[in-house]
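The values are calculated or read from the model by the stated rules, or taken from the named source; none is laboratory data. Just so it is clear, the model here is predicted, and its values are computed rather than measured. Cβ coordinates were reconstructed from backbone atoms using ideal geometry, including for glycine residues, and neighbour counts include every protein chain displayed.
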């Protein structure tokens, strides 16, 4: 079934065996202290190597940028070595895997920073609560990055990109979505700057361009991608004119020749975030000629329709991959999907439960009539 999803796809220098991609999913299983990837994480990604492309969980590029309990990093030698066992496991199963690079900006609680404030495009404060090792706490006000500090953060991304290459990844994806630092620079509700990094949509894409240019220097454009969330508010980050902002971003990404662009676009009835703001993918598709990946609440039938209509080249699934490590097999055979158990508690709890203990279709013995 859904044969279109099983056609191979070339993304720059990456050959994906199908168009069922695994979206980035924070799971909080790295070894602490140190935010070090481990053997259990290698098992988790090995189980899901049937995806055409695995985009890893968001991974901190620096201490300053990581504010989620037990999420992994990529700034240290120990973390780089830990990721090697993950990439080797995926490659042994014939899979492809890229590292998603993450700086959370104002969404890092001071508890992760020795009591110091987080940084952002401007001195703003996110609504809601941060997840810390001591439980949920109110976000605190960020301080504005100076231009010298922006240059330093760009170099932090470059260093993390170099470590990702040493770890054996097939490429990298910049996390530019969901209200984190890159998004905080992009959108006018969180970027209040009056210098060359603020104001016009073109100025607000400057930080994104500088980070992507640094990653292209390390990897080449054919192994670098980016994720954006161009419609609607997320974690207090919003934009008054998303068409202008993300149209400018798409033109810049097109100019850089990046191999893929992933868009998280919830609709008015989204199951994990919803918005009435129109999707920007049609506009972006008209500007960006590389491989476009859509994400958010797609069924296999809907994904096939989008690909056949030329509106995208692949679709990424997130939560379905949590409890269905063999999701492509289930789509191919028309099998029922296993539900997420104890959602969302099991997403972030330590240990193997709700992480690497979901059976495959073959292990369940389920009879399928495709």
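Out of segment 336-370, which residues are touching a helix residue (DSSP H, G or I) at 6+ places or on another chain (Cβ under 9 Å) and surrounded by 17 or more Cβ atoms within 10 Å (Cβ to Cβ)?
Of everything in segment 336-370, those that are touching a helix residue (DSSP H, G or I) at 6+ places or on another chain (Cβ under 9 Å) and surrounded by 17 or more Cβ atoms within 10 Å (Cβ to Cβ) turn out to be 338, 340, 346, 354, 355, 356, 358, 361.
Give all pairs with beta carbons closer than 9 Å in which a residue from segment 38-50 that is in contact (Cβ under 8 Å) with a residue 60 or more places away in the chain and at negative phi meets a residue that is surrounded by fewer than 19 Cβ atoms within 10 Å (Cβ to Cβ) and part of a helix (DSSP H, G or I); count only pairs at least 6 apart in sequence or on separate chains.
Close Cβ pairs (under 9 Å, with a partner that is surrounded by fewer than 19 Cβ atoms within 10 Å (Cβ to Cβ) and part of a helix (DSSP H, G or I)) amount to 50/329.
Is one or more of the residues making up segment 26-35 more than 21 Å from the chain's Cα centre (by Cα), at pLDDT 95 or above and under 25 Å from residue 305 (Cβ atoms)?
No, every residue in segment 26-35 fails to be more than 21 Å from the chain's Cα centre (by Cα), at pLDDT 95 or above and under 25 Å from residue 305 (Cβ atoms).
Which residue out of 319, 332 is farther than 18 Å from residue 226 by Cβ, buried (at least 17 other Cβ atoms within 10 Å of the Cβ), touching a residue at least 60 places away in the same chain (Cβ under 8 Å) and under 21 Å from the mean Cα position of the chain (by Cα)?
Numbers: 332 fails: under 21 Å from the mean Cα position of the chain (by Cα).
Residue meeting the stated conditions: 319.
Please determine whether any residue of segment 325-335 is touching a helix residue (DSSP H, G or I) at 6+ places or on another chain (Cβ under 7 Å), modelled with pLDDT of 90 or more, closer than 20 Å to residue 38 by Cα and part of a loop (DSSP other than H, G, I, E, B).
yes
Report yes if residue 118 is in contact with a helix residue (DSSP H, G or I) (Cβ under 6 Å, 6 or more places away or on another chain) and either more than 30 Å from residue 218 (Cβ to Cβ) or at pLDDT 95 or above (or both), otherwise no.
So residue 118 passes the test.
Which of the numbered conditions does residue 192 fail, given that it passes all the others? Conditions: (1) surrounded by fewer than 23 Cβ atoms within 10 Å (Cβ to Cβ); (2) in a loop (DSSP other than H, G, I, E, B); (3) under 18 Å from the mean Cα position of the chain (by Cα).
(3)
Among the numbered criteria (1) out of contact with any helix residue (DSSP H, G or I) (no Cβ under 6 Å at 6 or more places or on another chain); (2) crowded, with 21+ Cβ neighbours inside 10 Å; (3) in contact (Cβ under 8 Å) with a residue 60 or more places away in the chain; (4) more than 26 Å from residue 313 (Cα to Cα), which one does residue 185 miss?
All conditions pass for residue 185, except number (1).
So, residue 357, is that one outside any loop (DSSP other than H, G, I, E, B), within 30 Å of residue 131 (Cα to Cα), out of contact with any strand residue (DSSP E or B) (no Cβ under 8 Å at 6 or more places or on another chain) and without any contact (Cβ under 8 Å) to a residue 60 or more places away in the chain or not?
Numbers: outside any loop (DSSP other than H, G, I, E, B): no; within 30 Å of residue 131 (Cα to Cα): yes; out of contact with any strand residue (DSSP E or B) (no Cβ under 8 Å at 6 or more places or on another chain): yes; without any contact (Cβ under 8 Å) to a residue 60 or more places away in the chain: yes.
In short, no.
Pick out the one residue from 31, 59, 43, 26 that is more than 23 Å from residue 313 (Cβ to Cβ) and surrounded by 21 or more Cβ atoms within 10 Å (Cβ to Cβ).
Checking each option against the conditions leaves just 59.
When you scan segment 259-276, how many residues do you find that are over 24 Å from residue 16 (Cβ atoms) and modelled with pLDDT of 95 or more?
Number satisfying all stated conditions: 0.
For segment 243-286, name all the residues that are assigned to a loop (DSSP other than H, G, I, E, B), in contact with a strand residue (DSSP E or B) (Cβ under 7 Å, 6 or more places away or on another chain) and within 22 Å of residue 307 (Cα to Cα).
Answer for segment 243-286, where residues must be assigned to a loop (DSSP other than H, G, I, E, B), in contact with a strand residue (DSSP E or B) (Cβ under 7 Å, 6 or more places away or on another chain) and within 22 Å of residue 307 (Cα to Cα): 258, 259, 265.
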